[in-house]
Amino acid sequence: MTSRAEIDVRPITEADFPDWSRALSTGFLQDPVLGEEQLRARARQFVPGRLLGAFDRGRCVATYRSFDQRLTAVGGAEVPADAVSNVTVTATHRRRGLLSRMIGADLAAARERGDVVATLIAAEYPIYGRYGFGPATTMTEWTVDVPRAGLDPRWAAPEDGGTLDLVDGADVRKLGPELHERLRRAQPGAVSRDDLWWQVRTGVVRMHATPWHEPYYAVYRSPDGEVQGVAAYRVDDTWGDAKQPLNTATVDWLIGVTPAAERALWRYFCSIDWITTVKSGWRSPDDLLPQYLPDPRAARIGTQADWLWVRVLDVVRALEARTYAASGALVLEVVDPGGPAAGRWRLEAGAQGASCARTTESADLVLDAGALAMLWLGDESATRLAALGRVTEERAGAALSADALLRAPRRPWCPDMF
């Protein structure tokens, strides 16, 4: 077995990319042999220095990619983020510290660039807490039993005078980016999308060898003609023994910048002839979907799990970027051995903004870097984390004070997988 020291961990070159891509597919249990079209599509993500690989005797056995991202904090400000993706270690080379070497190098480079946080979607829960990440948002998927929902089967158009139309992928590429930016600026936890995202989701660029099946695209316009919602969905073709339709509409993604847009799009999915089940795709855990139905129990949760993980790289800029629900001061001692969040920090927050600086004052709360990330986006409760042993109160009542400051009025949500 090759020793750890003999395995070369380094940024890949363009010449390495086919081998790196093979290792990536192998790690995700996909077909390791890619066609030229898929390689060309994946190569569009190549940025010198941002793709790392581990090489044993010239063969790539671990992969890692990061890219620039903007993440919305509580209150609507955005912070620069180091988005981590494409992390694999081939099964033959596990437990040799390859991920630690890659992620250590990448996070150090992210700090040098001035990124405030790092982000990722964790395929496995236990891995990333070791590197200071914490689960900062939750994803929920609903399955709607349409016949039970209590909706009027005669529904044909939005009650508010808005309109719904089906469009094609070219329309989505024109309308979607600006609409997503409107959503992202208002939604803590949402992240930026580049042009490639829209090209992949509309079939222009194909990253995988599986055949592309065009979804349907629906657009909602308000009564004055403003585009306020767009969604992609797919349907199956399932019928019961007595010629009964049992078809499912599965939403790939949905952007609604107003409640009216969301209501109209969900009502539309539930009104399509032959559709008896609607699957929501990845939604916020406090999404209004169930409450749009006369019988909210018709929407049952199929999946609810952690989603966006965050690692704070710059405590001062992270805490100063967001807004706070109340005024007050809090001293946090962050345990982050060898990491950038380590230290004691005094946060002062109010209606005019927040300031944060290192301090020698006594700590109110002691917590690790992962817990700090969980609290930063406003979803988790310091009181809950104290009960779990993730937060230690050094001052009685400090966890309640932290909750009064840090909790957000709406739960953060990241609509994206990356």
Suppose we keep only residues that are in contact with an Asp or Glu (Cβ under 8 Å, 6 or more places away or on another chain) and more than 18 Å from R407 (Cα to Cα) within the range 346-365. Which one would you say is surrounded by the most Cβ atoms within 10 Å (Cβ to Cβ)?
A363
Return the pair list, or none, for Cβ contacts closer than 9 Å from residues in the range 23-38 that are of a type outside the set (S, T, N, Q) to residues that are open to solvent by 30 Å² or more (accessible area, probe 1.4 Å) and in a helix (DSSP H, G or I), at least 6 apart or on different chains.
G27/A91; P32/R22; P32/T26; V33/R22; L34/P18; L34/R22
Positions within the range 9-57 being over 28 Å from the mean Cα position of the chain (by Cα), open to solvent by 70 Å² or more (accessible area, probe 1.4 Å) and under 20 Å from T92 (Cβ atoms), in sequence order:
V33, R57
Looking only at the range 243-280, how many residues end up being more than 17 Å from P296 (Cα to Cα) and open to solvent by less than 70 Å² (accessible area, probe 1.4 Å)?
17
In the range 133-158, anything in contact (Cβ under 8 Å) with a residue 24 or more places away in the chain, open to solvent by 10 Å² or more (accessible area, probe 1.4 Å) and small (G, A, S) is listed as G150, A156
If you scan the range 172-196, which residues turn out to be of a type outside the set (A, V, I, L, M), open to solvent by less than 50 Å² (accessible area, probe 1.4 Å) and either in contact (Cβ under 8 Å) with a residue 12 or more places away in the chain or in contact with a helix residue (DSSP H, G or I) (Cβ under 7 Å, 6 or more places away or on another chain) (or both)?
G176, P177, H180, R184, Q187, P188, G189, S192, R193
Could you tell me whether Y128 is over 18 Å from C270 (Cβ atoms), among the aromatic types (F, W, Y), in contact with a Phe, Trp or Tyr (Cβ under 8 Å, 6 or more places away or on another chain) and surrounded by 14 or more Cβ atoms within 10 Å (Cβ to Cβ)?
yes
When you go through (1) closer than 25 Å to I121 by Cα; (2) not in a helix (DSSP H, G or I) one by one for L179, which number turns out not to apply?
(2)
Yes or no: F67 part of a strand (DSSP E or B) and either modelled with pLDDT under 95 or not hydroxyl-bearing (S, T, Y) (or both)?
yes
Could you tell me whether the range 296-306 includes any residue that is of a type outside the set (D, E, K, R) and assigned to a loop (DSSP other than H, G, I, E, B)?
no
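The values are calculated or read from the model by the stated rules, or taken from the named source; none is laboratory data. Note that this is a predicted model, so its numbers are computed, not measured. So basically every Cβ, Gly included, is an ideal-geometry build from the backbone, and we count neighbours across all protein chains shown. These accessible areas exclude ligands, DNA and RNA; they are computed on the full protein's heavy atoms, side chains included. Shrake-Rupley method; radii C 1.70, N 1.55, O 1.52, S 1.80 Å.
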